[in-house]
Amino acid sequence: MGSRTSLAGKRRIDDLALFGGPPAFPETLHVGRPNIGSSTALVSHLRKMLRRRWLTNYGPVVQQFERRIAELVGVDHCVAVCNATLGLQVVGKALALVGEVVVPAFTFVATPHAFRWVGIEPVFCDVDLTSHNLDPADVSACLSSRTAAIVGLHCWGQPCPVPELEELARRRSVPLIFDAAHAFGCQLGRRPVGSFGNAEVFSFHATKFVNSFEGGAITTSDPHLARELRLLINFGFRGYDDVATLGTNAKMSEIHAAMGLVSLDYMERIVLHNRRNYAAYRRSLAHLPGIQVRELFPSGHGNYQYVVVELDPLHCPLSRDSLLAILHAEGVLARRYFSPGCHRMEPYVSRVTPPPRPLPNTDLLVQRVLQLPTGTAVSLIDIARIAELIAFALDHGEEIRARLGAEQRLS
Ligand code: T4K
């Protein structure tokens, strides 16, 4: 690249915002900027629900949202909830889990927190370095007489090794639950995520490609479980003044479901946009040393809501965290999900039982991965500029490392 001015406006390392230059993106780019769909459609829903004076407690919009999801996923039952974290909690309660659950350490902290919150101890399991999903051999090593369930995460939307996990759960006679927060609209072969295990839990948080501001949904083919879930999310009410069990309030409201419906109407367009962005990142970063955009959804059935890059420290001229600092200064709020790994966060890092297990793959991945902005707020021009920024930074890796080293010595 030499000293030619890049598309991102950089000629020398002094031009980098980290060293005092103007940021390439004065308007920050985020990972997880919400996709809006249609504000007109949302306002129209809002007007109707205000006219109906039915705002929450299993109203018609929530019911419609649940039907749409159940149809898309191909299950009989969908229970909409106010977020995926509470969704996981009520699944743990409804299945009457006691003891331990095997969960990946390479996940958003909501996965273990949800179970711990309802008194079930997470046992952290390692992931496969290629798929970033649970490693069945390590799951097997985590199982014990205390295991109450196995919880898989479809990381970045890539489906877990479902058949292997089903076999392990069957052999132990424990339920299999999936945290499907990333995986709405994804498939394993021809079967949609949402139809596996005893229950799957989606997130429709604002940062997810289909969003309901805040929200989630539990899908299951088990009618008894669905009935129990409906009781649990509504204080245990079976009817007016009739409480059948201990419950909580995890209901989705009408305005959240309305946003969800609008989002579902735009889902295909959002996926197309994400897929185009993903392809552009793959193309434009392909030639760079030691950095690789993870291949996702080789069969094409995915939501492409995350663009995940992996830095190989042996070949990349900059560390992941130096590149992250450079991007942040330029207004590109790349993320390093799920650093440092749930096993290194509280309350898990200071607990004595269960004893910590070695998780070498998780420990490696949390130092190597980076998520780049995508979604409908990110254009092809943005991606070309981000790619040029990264190329410029790697091209000047040695110089940048020396400068960062000198600044650190001075401070
Ligand atoms: N399981 C897994 C595997 C998950 O990834 C998650 C959530 C859950 C369970 C739990 O689902 P929920 O209970 O939330 O339904 C974000 C999201 O808040 C979180 O939902 C998501 N995973 C996680 C992967 O990402 P943070 O701590 O990174 O959020 P925050 O506030 O830094 O926002 C992310 C970026 O999005 C920022 O750069 C700002 C931007 N943003 C955010 C919001 C809310 C916007 O531009 N507009 C917005 O409205 O966790």
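What is the helix-to-structure angle for 223-232, meaning the angle in degrees between its Cα long axis and the longest Cα principal axis of the chain, kept from 0 to 90 and rounded to the nearest 10? The angle comes out at about 80 degrees. The C-alpha atoms of the chain define a longest principal axis, and helix 254-285 lies at about 30 degrees to it. Couplings 3J(HN,Hα) for the stretch 104-118, derived from phi with the Karplus relation 6.51 cos²θ - 1.76 cosθ + 1.60 (θ = phi - 60°), are x, 7, 8, 7, 5, 5, 4, 4, x, 4, 4, 6, 4, 4, 9 Hz, where x marks Gly and Pro. Candidate cross-link partners of K251 among the lysines, defined by an alpha-carbon separation under 26 Å and a same-chain spacing of 8 or more, comprise K48, K93, K208. Quick note on the stretch 238-288: its Rg to Rh ratio, both from C-alpha atoms and Rh being the Kirkwood radius, is 1.39. Accessible surface ranking for S212, S350, 1.4 angstrom probe, highest first: S350, S212. Sequence-distant contacts, meaning Cα pairs under 8 Å at least 6 residues apart, place the relative contact order of the chain at 23 percent. Taking the C-alpha atoms only, the angle from helix 320-329 to the longest principal axis of the chain is near 80 degrees. Report summary: the helix-based calculation at 222 nm, which adds -39500 (n - 2.57) for every DSSP H run with n ≥ 4 and divides by the residues of the chain, gives -12000 deg cm²/dmol. If you build a Gaussian network model of the chain, linking Cα atoms that sit under 10 Å apart, which residue out of L264, L364, L314 swings the most? Among L264, L364, L314, the largest GNM mean-square fluctuation belongs to L314. Selection among T107, V271, A17 by position relative to the dipole of the chain gives V271 as farthest towards the positive end (Cβ unit charges, Cα centre).
Mean-square fluctuations from a GNM of the chain, with a 10 angstrom spring cutoff on Cα atoms, peak among D126, D14, D135 at D14. Once all protein chains are placed together, M252 keeps about 10 Å² accessible to a 1.4 angstrom probe. Taking the Cα centre of the chain as reference, the dipole from Cβ charges on Lys and Arg (+1) and Asp and Glu (-1) amounts to some 820 debye. For the stretch 119-194, the calculated P(r) over all alpha carbon pairs, in 10 Å bins from 0 to the bin holding the longest distance, is 19, 53, 25, 2 percent. Each part reduced to its alpha carbon centroid, the stretch 179-203 and the stretch 211-237 end up 16 Å apart. Here the stretch 344-411 and the stretch 61-98 have alpha carbon centers that stand 34 Å from each other. Packing here is the average count of other Cβ atoms within 10 Å per residue, and on that basis the peptides 99-110, 51-62, 270-281, highest first, run 99-110, 270-281, 51-62.
Here's how it looks for V243: its modeled amide H is under 5 Å from those of R238, which are all 5 or more places away or on a different chain.
The values are calculated or read from the model by the stated rules, or taken from the named source; none is laboratory data. These numbers come from a predicted model, not from an experiment. We place every Cβ from the backbone using ideal geometry, glycine too, and count neighbours over all the protein chains shown. For accessibility, only protein heavy atoms count, side chains too; no ligands or nucleic acids. Shrake-Rupley method; radii C 1.70, N 1.55, O 1.52, S 1.80 Å.
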